[in-house]
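A.B. asks: Dropping a structure here in structure tokens format, bear with me for questions.
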Amino acid sequence: MKRKIIITLALLVVSITASRACDICGCGVGSYYLGILPEYNQRFIGLRYQYKTLLTHLGPMGERTPITADETYQSAELWGGWNFGSKFRVLAFLPYNFNKRESQAGDGTKTGLGDIAVMGYYNLFDHKGVVGERLLVQSLWVGAGVKVPTGKYEPSERLAISESPNNFQLGTASIDFTLNAAYDIRYNDMGVNANVNYKINTENKYDYRYGNKFTSNVLAYYKLRIANKVTVAPNIGVLYETAVKDVEAGKYEVAVSGGHSLSAVAGVEVSMKGFSFGANYQNVRSQNLAGGRAYAGNRVMVHMSVPF
């Protein structure tokens, strides 16, 4: 038991303090925010919608210029999960992206299928007990995943905007891998949920490699039960993302890439028999993206799911 507690504490420390691990954090062609999963016993399927904004082509001091672009990234994502017994879990994500750019130099849009991702988890431990006459529940899932290049990548985009992040893409054209961990502890109706994701990117056939990316979030929640039929769980926490710089031709770092951001997160999850939904708002509190040449706005995510 002591060993399990040490592992759990180590994961929490990593998720809060990791500092140097892009697609610009949280926008563009990559986002692996999970948060609190919907409650399900065997499997679920649902939809997620995400809305994000990004300012690019900022001046050397981060100021707007005549060529500054306002970019909007929206995605409608089919997602689902499947438990195999009590030890194995698979999550899958199929996104459809809507990208929009507005600037004095001209506007542009890109719409289409994004990169499909699959993540597998193993239940390292699952413990239920009573402490002070109250229920204490803990679980730790660890695993790995793969992202396949199903989204369209346009190499001409990178050449056309060499002083702006290579973010305005539907996909990365590369096969990438993830390492994942999810921990949840609940004391009666009050709990803490933590997720850690490290994305390892490979070079695509156009000699471009997006920087490896670390994403983590910690959320505190409280479950309110209404008439024993509906559970409402407001939650609040932090989301941290960091990425190293992109690399071209195997050796040249891309100056306008990489960086980190820290966001405050507030949301609510609602579950009832046969249906769950939720939403959260991510308020960016601090950031340093692409050497100060990009600025991320606040984000919104809503989702619904059906167990079956």
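A.B. asks: Only one residue in Ala243, Ala249, Ala220, Ala266 is surrounded by fewer than 21 Cβ atoms within 10 Å (Cβ to Cβ) and over 16 Å from Met190 (Cα atoms), so which one is that?
C.D. replies: Details: Ala243 fails: surrounded by fewer than 21 Cβ atoms within 10 Å (Cβ to Cβ); Ala220 fails: over 16 Å from Met190 (Cα atoms); Ala266 fails: over 16 Å from Met190 (Cα atoms).
So the residue among Ala243, Ala249, Ala220, Ala266 that is surrounded by fewer than 21 Cβ atoms within 10 Å (Cβ to Cβ) and over 16 Å from Met190 (Cα atoms) is Ala249.
A.B. asks: Have a look at Glu133, Glu203 and point out the one that is acidic (Asp, Glu), surrounded by 15 or more Cβ atoms within 10 Å (Cβ to Cβ), over 17 Å from the mean Cα position of the chain (by Cα) and farther than 25 Å from Phe84 by Cα.
C.D. replies: Of the residues listed, the single one that is acidic (Asp, Glu), surrounded by 15 or more Cβ atoms within 10 Å (Cβ to Cβ), over 17 Å from the mean Cα position of the chain (by Cα) and farther than 25 Å from Phe84 by Cα is Glu203.
A.B. asks: Of (1) within 25 Å of Asn41 (Cβ to Cβ); (2) touching a Pro at 6+ places or on another chain (Cβ under 6 Å), Gly114 satisfies all except one. Which?
C.D. replies: Every condition holds for Gly114 apart from (1).
A.B. asks: Among the residues of the stretch 72-116, write down those that are under 16 Å from Phe168 (Cβ atoms), buried (at least 16 other Cβ atoms within 10 Å of the Cβ) and not aromatic (Phe, Trp, Tyr).
C.D. replies: Correct list: Thr72, Gln74, Ser75, Pro95, Asn97, Asn99, Lys100, Arg101, Ser103, Lys110, Gly114, Asp115.
A.B. asks: Going through the stretch 117-129 one residue at a time, which ones are within 17 Å of Leu34 (Cβ to Cβ) and exposed (fewer than 14 other Cβ atoms within 10 Å of the Cβ)?
C.D. replies: Selection gives Tyr122 alone.
A.B. asks: Please specify each residue of the stretch 269-287 satisfying the condition of being closer than 16 Å to Leu55 by Cα, of a type outside the set (A, V, I, L, M, F, W, C) and surrounded by 16 or more Cβ atoms within 10 Å (Cβ to Cβ).
C.D. replies: Gln287
A.B. asks: If you check Thr172 against the conditions, is it assigned to a strand (DSSP E or B) and under 21 Å from Gly259 (Cα atoms)? Talk me through it step by step, then tell me what you get.
C.D. replies: Numbers: assigned to a strand (DSSP E or B): no; under 21 Å from Gly259 (Cα atoms): yes.
No: the conditions fail for Thr172.
A.B. asks: Which residues, taken from the stretch 153-176, are within 21 Å of the chain's Cα centre (by Cα) and either within 23 Å of Lys128 (Cβ to Cβ) or surrounded by fewer than 16 Cβ atoms within 10 Å (Cβ to Cβ) (or both)?
C.D. replies: Within the stretch 153-176, Ile175 is the sole residue that qualifies.
A.B. asks: Kindly provide the set of residues from the stretch 119-145 that are in a strand (DSSP E or B), of a type in the set (Gly, Ala, Ser) and modelled with pLDDT under 95, ordered by number. Break it down stepwise before answering.
C.D. replies: Going residue by residue through the stretch 119-145, those that are in a strand (DSSP E or B) are 119-131, 134-145.
When the remaining residues are screened for being of a type in the set (Gly, Ala, Ser), the result is 120, 129, 139, 143-145.
Correct list: Gly129 only.
A.B. asks: Have a look at Gly151, Gly143, Gly250, Gly191 and point out the one that is closer than 27 Å to Gln287 by Cβ and of a type in the set (Gly, Ala, Ser). Talk me through it step by step, then tell me what you get.
C.D. replies: Values: Gly143 fails: closer than 27 Å to Gln287 by Cβ; Gly250 fails: closer than 27 Å to Gln287 by Cβ; Gly191 fails: closer than 27 Å to Gln287 by Cβ.
Exactly one of Gly151, Gly143, Gly250, Gly191 is closer than 27 Å to Gln287 by Cβ and of a type in the set (Gly, Ala, Ser), namely Gly151.
The values are calculated or read from the model by the stated rules, or taken from the named source; none is laboratory data. The model shown is predicted, which means the values in this text are computed figures rather than measured ones. All Cβ positions, glycine included, derive from the backbone under ideal geometry; neighbour counts span all protein chains shown.
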